[in-house]
Amino acid sequence: MSAAWQFYIATVLIYLAVDVTACLGLNLQYGYTGILNFAYIAFVAIGGYTYAVLTLGPQPRGSFQRYFFGASLPFPLPILAGAAAGGLLSAVLGAIALRRLRSDYQAMVFLVVSLVATSVVTNAVGLFNGAAGLSVIPKPLGSALNLSLLDYQWFYVGLTAAFAGLTYLVVHRITGSPLGRSLRAVRDAEHAAAALGKNVAGLRMTSFIVGGVIAGLSGALLVGSITAWSPSAWLYQETFVFFTALIVGGTANNAGAILGAILVPVVFLEAVRFLPQFGPPGLTEALQWVAIGTISLIFLWFWPRGVLPERRRVITLPGLPATARPDGSVAESPAAGTAP
Amino acid sequence: MLTTLGFGIQTASVLAIAAVGFTVQFGVTNVLNLAYGDVMTASAFAAYALSGVGVGGWWSLLIGGLFGALFSLALNHFLYTPFIRRGASLFVMIIVTISVGLITQNLLQAIWGSNFFSLHLSPGATIHPLGMVFTVSQLYIVLVAVACLLAFHGLLSTTKLGKAMRATAADPELARNSGIDTRRITSLAWMLSGFLCGLAGVALTLEIGSFDAGTGGALLVPIIAAAVLGGVGHPYGAMLGALVIGIATEFAATIISPTYKDAVAFAVLIVMLLVRPQGLLAEIATTKAVAA
């Protein structure tokens, strides 16, 4: 295989690992906890920017780009700081939006947050170089490893895959534990969960912050690979790509999130690269968004639970009739013993 | 100072139409339609298309309104209601509306390209009422907005339809039991709010001069801010909210920079959510809805 093809495949694999990471985080927030975080991409973005300013070093005089702070921390601190920044932003935003608002208001506020974040970062040029964005961001261990371009790309595949795997372990651990059960309870029957003594606000907050950390991590990893980051890369629509991935793959199912990340951002959006360019500039991109919206509508109509649906959890007790579930369906078989 | 107030009133008048439509749509139909801004843009493009065949000028406002009404009605009939009948949750409905917004905006982009368009209206003479600066046509837009909102107020407060709409917004179950055909009322609410949406879309493009496929979507931030400020579902609150947001953002534009209009609207929204999440007029509106 030619080097160019190898490089391309490695790049796609990096995107895949980054998208899988991001989808797992959003799935924890939306799938398992029912938080409609339409600002998810903003958490990815802050992770990316944090990584960038912590690797670029202090801004040199007369530099072509402006940014604040600026340091060059050793690997892996900038990546971890990106994750921490995502968590911090979630803590602040969650304290405002999650504690006080009904979920429909939350969705509205998150969408607004995403729009305003783009507008502020674009206009406050001193922050992250405005609309032009930051570029020539150093890659993690880029100079230390002294690898060829292609070898480094494969190294980065391993790095992102390791982080994606770690994320999967953490998320899987959470969703499979009693904490995960509490999160699903908050999602399905908030008042019942509260009545059983669950701290609803605290549980939501936990899921929101863990999701934010994961988003920040994925942003840092992404920017470490593409070495540039600007507001046009994280418009509010990008969050919708992740939502579509979850809808297609299957919400509240970690394997579904991974499948969705493969199908929607990677296969679907990458495949378009191989189509011949047609029409005026911007046309293919516009049609791509139309297609993303249409795919999500089609799946919501025909397969609302996605390709890999959430595992049905049926708890039957001896002597009790099969219970109705929140989605209105009734347990078909008394599959006793599957419950924790 | 007064000049800025004048700009604020212009912004507020367009915003008020949009915010009232948005809040009524959500209040009566219970669908949080995040495609609202993009329906505004679509209406502006419809008016633009017809102005090309000679039906322009002030007719554009009416055409925009009618297109908005039909488009919203169609969205509800062919997409939103079927999804709700299938038992789509609140979350799913929000995702459905945002998909519709994305599709609409990008279809417009695909058809019309990334160009800016404008609806032509002769600005007329410049006048200076009370030290503010308006062109005659700008003043007319403000008057149209006020007339529209007054008409809407009359509809809500004096007609049987208005009463039925408020009843449906307050408690759909009870409204149905009292013999109100809530499905018909919901359809009418989509038409009415869609009309305001389309009208606002055209008024917006007349006010700011030019538009592209993203113009309406970009107004979503102040619309949501105004609607939340007034308490979502309360049309009078939305009018007040639009006035506050419109004037606040114009003053911010003069004092800080025009690029931070959205950020200021957002700041007002966040403060409001922290201090009074039920909205400015929540109590007043609720007692009214119950008493009337």
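Report, in cubic angstrom per residue, the convex hull volume of the C-alpha atoms of chain A. Working shown, then result.
On the way: hull volume 54.6 nm³, N = 340.
Hull volume over Cα atoms, normalised by residue count, gives 161 Å³.
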* **Candidates B:Leu220, B:Leu66, B:Leu90, ranked by Gaussian network fluctuation over chain B, Cα under 10 Å, top entry** => B:Leu90
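Kirkwood Rh, Cα Rg: Rg to Rh for region A:164-292?
Details: Rg = 18.0 Å, Rh = 17.1 Å.
Reported Rg/Rh, Kirkwood definition of Rh: 1.06.
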* Could you state the angle between the C-alpha long axis of helix A:77-100 and the longest principal axis of the C-alpha atoms of chain A, as a value from 0 to 90 degrees rounded to the nearest 10? => 50 degrees
* **Principal-axis tilt of helix A:103-123 within chain A, Cα atoms, nearest 10 degrees** => 0 degrees
* Qualifying aspartates and glutamates (Cα of each under 14 Å from Cα of B:Lys261; at least 8 residues distant if same chain) -> B:Glu250
* To do: Tell me the label-point distance for the pair A:Ala255, B:Met1, using the 7 Å Cα-to-Cβ offset, in nm and rounded to one decimal.
  => 7.0 nm
* B:Ser178 versus B:Ala151: modelled label distance in nm, points set 7 Å from Cα along the beta carbon direction -> 2.6 nm
* Percentage of Cα-Cα pair distances in the protein assembly as shown greater than 40 Å, rounded to whole percent? -> 31 percent
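To two decimal places, what compactness ratio does region A:59-198 give when its Cα radius of gyration is scaled by 2.2 N^0.38 Å? Write out the running numbers ahead of the final one.
On the way: Rg = 20.4 Å, N = 140, 2.2 N^0.38 = 14.4 Å.
In units of the globular-protein estimate, region A:59-198 measures up at 1.42.
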* Roughly what would the spin-label model give for B:Ala267 and B:Leu62, points 7 Å off Cα along C-beta, in nm? -> 4.3 nm
* **Choice from B:Ala242, B:Ala267, B:Ala167 with maximal GNM fluctuation in chain B (Cα, 10 Å cutoff)** => B:Ala267
* To do: Compute the acute angle (0 to 90°) between the alpha-carbon long axis of helix B:182-208 and the principal axis of greatest extent of the alpha-carbon atoms of chain B; round to the nearest 10°.
  => 10 degrees
* **Shielding by partners - mean other protein chain Cβ count within 10 Å, residues of A:36-47** => 1
* Select from region A:1-110 those chymotrypsin sites (Phe, Trp or Tyr not before Pro) which occupy a DSSP coil region and have at most 15 other Cβ atoms within 10 Å, ordered by residue number. => A:Phe64, A:Phe68, A:Phe69
* Structure fact -> For region B:70-126, the Cα convex hull volume per residue in Å³ comes to 145 Å³
* Comparing A:Leu141, A:Leu28, A:Leu283, which has the greatest mean-square fluctuation in the GNM of chain A with Cα pairs linked when under 10 Å apart? -> A:Leu283
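How big is the C-alpha Rg of chain B next to the rule-of-thumb value 2.2 N^0.38 Å, as a ratio? Show your work: numbers first, answer last.
Details: Rg = 18.4 Å, N = 292, 2.2 N^0.38 = 19.0 Å.
Output field value: 0.97.
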* Structure fact -> Of the residues B:Ile255, B:Ala170, B:Trp190, the Cα lying farthest along the dipole of chain B towards its positive end, which is defined by charges on the beta carbon of Lys, Arg, Asp and Glu, belongs to B:Ala170
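When Cβ neighbours within 10 Å are restricted to other protein chains, what is their mean count per residue of peptide A:18-29? Show your work: numbers first, answer last.
Values: counts 0, 0, 0, 0, 0, 0, 0, 0, 0, 0, 0, 0.
Across A:18-29, the average partner-chain Cβ count within 10 Å equals 0.
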* Could you calculate the FRET efficiency of A:Phe7 with A:Leu73 from 1/(1 + (r/R0)^6), where r is the beta carbon distance between them and R0 is 30 Å, rounded to 0.05? => 0.60
* Kirkwood hydrodynamic radius of region A:53-119 from all distinct Cα pairs, in Å? -> 14.4 Å
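Please compute the Kirkwood hydrodynamic radius of region A:144-231 from all pairs of different C-alpha atoms, in Å with one decimal. Provide the component values of the computation, followed by the final result.
Details: mean 1/r = 0.0645 Å⁻¹.
Kirkwood radius, region A:144-231: 15.5 Å.
Out of all Cα-Cα pairs in region B:28-101, roughly what percent, to the nearest whole number, are more than 21 Å apart? Don't skip to the answer; put the middle values down first.
Details: 906 of 2701 pairs.
Across region B:28-101, Cα pairs with separations above 21 Å total 34 percent.
A short reminder: the numbers here are calculations on the coordinates, not readings from a lab. This structure is a prediction, so every number in the text was calculated from the model and none was measured. Glycine gets a Cβ as well: all are built from the backbone with ideal geometry, and neighbour counts include every protein chain shown.
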